[in-house]
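The values are calculated or read from the model by the stated rules, or taken from the named source; none is laboratory data. None of these values were measured; they are calculated from a predicted model. Here the Cβ positions follow ideal geometry from the backbone for every residue, glycine too, while neighbour counts run over all protein chains shown.
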Amino acid sequence: MSIIQVDQLTKTFSRPIRGTGAIGAIRDLINRRYEEKTAVDHISFTIERGEIVGYLGPNGAGKSTSIKMLVGILVPTSGEVRVDSEIPYKNRRENARKIGVVFGQRSQLWWDIPVSETFELMKCMYNIPAVDFKRNMELFTDVLGIQDFMHVAVRQLSLGQRMRADLCAALLHNPSIVYLDEPTIGLDVVVKKKIREFLLEVNAQRQTTILLTTHDMSDVEKLCSRVIIINNGRKMFDGDLDRLKSDYSAGETMILHVDHEIGLDRDISHLGVTDFTYHPESGSIQLRYDKRQAKPASILAWFMERTAVHDFEIKPAEVEDVIRDIYQDSTSCGLGEAQ
Amino acid sequence: MNVYYKLMLNAVQSSTVYRFHTFVTTFQRLIGIFVQISLWTALYKGAQSFQMEITQASLQEMWMYVVYSSLIGLMVANGNIYSLSDKIQTGHIVTALIRPIGLFRSLLFETLGSKVFMILFEIIPVLIVSHFVLGLPLPNIEAIPVFMIMLIMAFTTFFLMTFIVGMSSFWYIRTFHLEFMLTHVMNFFSGLMIPLWFFPRELRAVMDWLPFDLVYYAPLSVLLGKAKYAEIGVMLAKGCVWIALLAAAAVMIWHLGKRKLVIQGG
C-alpha cells in the first residue's frame, strides 16, 4: 500500500484585508474584514515507499502548507491525508516518530549548545538503540563531513554547516519518510552536492521515502524520479521527470557557429523557428523551435545552403524552462490536470 | 536516558552560556531588595514617629518578606509567554511540533533545568547577602516541608497561567499586553509587593477566590510562620482546585489552538 495517500486535500485560511493608509488602518480597527485564501485546493496524489518525489511550484503555491498537513502540524480544512495508514494531525506524536523533517529556513538544532548535544537529545527523543545511533553517526558524519564542527555551538555555525547538521539530526532515527522543505536554500555548490549524495545514499540503503520542495532545478534533476507540480494550490503535473521533459519540453535550442552573418531579416518561420538571434562576438546563431513542428535537420540544411557552418549544438529544454512554462500556462489559462 | 531529563540537562547547559547575564541579574535583584527594604523601613519609622503601631508584622518580618518574595519570584519565574508567543509569531513552533514529544512537558523540563543553575548562582548569593549583610535570620526549619509543597503549588499555578497566556498567541499574534497585564495583576494581587495582611477586608474577600495569592503570599506566609494550620489547609485545597481548573483550561486552549494554528512566514 502507498505510504502517503492524499485525497482532495484542501486548506483555506482567512486573513484580514488591510486597508491602505491611516484611514484604512483606522477602518480596519473598527471593522475588520476577512478574505478566504485557499492555499491548497483539492490536491490528490499517492507516494510509494522508496520514492523520491520533487514537490514543486512557484512561491506561494501551497507547497509548505501541504507539507505541514502531511507532517501533522496543520489540520486540513477538508480532504484526507494518510501517512502510513494513519491520520497525521490526529496522531501527531506517533507520526513524528516515523518521519524526519528539515525546514531549510528554520533550524531545529539547539541554539546554545554544541551540535553533538542535539544529536544526543535525538537519541533520547526517538529511543534510538545505541548500535544504530553509533552506525548512523559514523555514516552521516562521514558523508556530510560533520566531524569538523561536532563540538561547536550551533549559533557559531555557518549556514552550510548548520544545514548539514540539521539534515543529520532529522535522519538519525531512520525515519521511513523524510520531508525536506528547501533543503539546499542558500548553500554553495559543494555543500549542495554533499547533501544530494547523502540523500541518495540514505534512499538507496533504507528505502526511505523522500518528499522535497525546492526551487533548485539541479536538485530535481539529480534526486527526483518523479515530480508533482502545483500552482495556486492546484496540482498541475504529476509524473516522471522524463515524461515531464518529453511532454512539455517540445522547445529546443539550436546553436550554429557560422562564418558570417546571413540575412536574418529573411523569413524562416516556415521552418518552424520561433525566434533567433545572431551573436556577432562569438559568430553564432541561436534559434529556438518547437520540435513537434520543426525538423532540426531541415533547419540545419537551410543554413548550410547559405553559409559555412563550422559547428552546431542542440540543447533540449532545461527542466527549469519546462516548469516555468507550466507555471505560466496555468496562471494564464488554468491548465487542467496533466494526467 | 529519558528525553525530558535530557532536555533539562540541555537547559542547564544553555543557561551557563550567558554568565555575564547571570551576574547582572543577581546584582539587579539585590538592588531591588535594598530599595524595597529602605521603603518599608521608612514606612515603619514614619509610623513610629506618629505613635502608630503596625500590628500585622514587625519590621524584621517585612525585611524577610522582601527577601523571600524576591527569591520565590526567582523560583516560580518562567519564560513561557515569551517563548510561546515568539515561537508562534515567527512560525518557529513547527520545529517543536514535528517532534514526538509534548510541548507542555518540554517547556516544563526546560524551565526546571534553568532553575538548577539559578539556585546555584542567583538564590544562594541572595541568601548569603541577606543573612550576613542584613543579618536576617534563616527561616525556621520546621516550616520548610510545608513551604516546599506551597512552592511547588506556586510554581505550577504560575506555570499554567503563563502557559495559557502564551498560548493565546494562537489567536492574538501579539501578547505583550496580556503579559503586562498578568505581571501587574501578579505584582499587586499575589502579595509580591505588599503582603495581603495589609489589604482591606473587602479586597481580601475577593482575592480569597482568585489564584494569584497562591503564587507569593501562600508560600511566604508559611515560611514566615504567619499561617495557622487551618489557613494552610484552606490554601492547599484552593491550590489543588485552581491547578485542576487551570490545567483543564490549558488542555482545552491547546486543542483549540492547534486547529487555529497558522504558520507565520511560510
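In region A:70-110, the residue that is nearest to the other protein chains (Cβ to nearest Cβ) out of those that are small (Gly, Ala, Ser) and in contact with a Lys or Arg (Cβ under 8 Å, 6 or more places away or on another chain) is A:ALA96.
Remark: B:THR22 falls outside the filter, which requires a residue to be surrounded by 14 or more Cβ atoms within 10 Å (Cβ to Cβ), among the polar types (S, T, N, Q), within 14 Å of chain A (Cβ to nearest Cβ) and in contact with a strand residue (DSSP E or B) (Cβ under 8 Å, 6 or more places away or on another chain). Cβ separations smaller than 6 Å between residues 6+ apart or across chains give no pair from region A:182-208 residues that are free of Cβ contacts under 8 Å to residues at least 40 places away in the same chain and not assigned by TED's automatic domain parsing to the domain that holds A:LEU56 to residues that are of a type in the set (Val, Ile, Thr) and crowded, with 20+ Cβ neighbours inside 10 Å.
Just name the residue that is nearest to the other protein chains (Cβ to nearest Cβ) out of those in region B:25-51 that are among the β-branched types (Val, Ile, Thr) and within 23 Å of the chain's Cα centre (by Cα).
Checked region B:25-51; the qualifying residue nearest to the other protein chains (Cβ to nearest Cβ) is B:THR25.
Being modelled with pLDDT under 90 and in contact with a His (Cβ under 9 Å, 6 or more places away or on another chain) is true for just one of A:ARG93, A:ARG106, A:ARG97. Which residue is that?
A:ARG106
Filter region A:221-258 down to residues that are among the charged types (D, E, K, R) and either assigned to a helix (DSSP H, G or I) or within 27 Å of A:GLU313 (Cβ to Cβ) (or both), then give me how many there are. Residues that pass the stated criteria total 8.
Here's the yes/no breakdown for (1) among the β-branched types (Val, Ile, Thr); (2) in contact (Cβ under 8 Å) with a residue 24 or more places away in the chain; (3) in a helix (DSSP H, G or I); (4) within 30 Å of B:PRO100 (Cα to Cα):
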site	(1), (2), (3), (4)
B:MET1	no, no, no, yes
B:TYR5	no, yes, yes, yes
B:VAL12	yes, yes, yes, yes
B:VAL17	yes, no, no, yes
B:THR26	yes, yes, yes, no
B:PHE34	no, no, yes, no
B:ILE37	yes, yes, yes, no
B:ALA42	no, no, yes, no
B:ALA47	no, no, yes, no
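Would you confirm, using the coordinates I've provided, whether B:ALA244 is loosely packed, with under 13 Cβ neighbours inside 10 Å and away from every other protein chain (no Cβ under 14 Å)? Yes. Taking the criterion of being hydroxyl-bearing (Ser, Thr, Tyr) and under 12 Å from B:VAL146 (Cα atoms), the residues of region B:200-252 that qualify are B:SER221, B:TYR229. Filtering region A:143-179 to residues that are aliphatic (A, V, I, L, M) and more than 20 Å from the chain's Cα centre (by Cα) leaves A:VAL143, A:LEU144, A:ILE146, A:MET150, A:VAL152, A:ALA153, A:VAL154, A:LEU157, A:ALA165, A:ALA169, A:LEU172.
One residue is enough: does region A:133-153 have a residue meeting the conditions closer than 25 Å to B:LYS87 by Cβ and more than 9 Å from chain B (Cβ to nearest Cβ)?
Scanning region A:133-153 turns up at least one residue that is closer than 25 Å to B:LYS87 by Cβ and more than 9 Å from chain B (Cβ to nearest Cβ).
Looking only at region A:116-125, residues that are free of Cβ contacts under 8 Å to residues at least 12 places away in the same chain and more than 8 Å from chain B (Cβ to nearest Cβ) come to 0 in all.
Counting only helices (runs of 4 or more DSSP H) that fall entirely inside region B:52-160 and contain at least 1 residues that are over 26 Å from B:ALA237 (Cα atoms) and away from every other protein chain (no Cβ under 14 Å), the qualifying elements are B:59-76, B:80-90, B:103-118, B:124-128. When we screen A:ILE113, A:ILE67, A:ILE128 for residues that are free of Cβ contacts under 8 Å to residues at least 60 places away in the same chain, more than 9 Å from chain B (Cβ to nearest Cβ) and at negative phi, the only hit is A:ILE128.
Residue-level analysis places B:GLY257 among those that are within 14 Å of another protein chain (Cβ to nearest Cβ) and assigned to a helix (DSSP H, G or I). For the residues B:ILE141, B:ILE98, B:ILE119, the requirement of being in contact with a strand residue (DSSP E or B) (Cβ under 6 Å, 6 or more places away or on another chain) and not basic (Lys, Arg) singles out B:ILE98.
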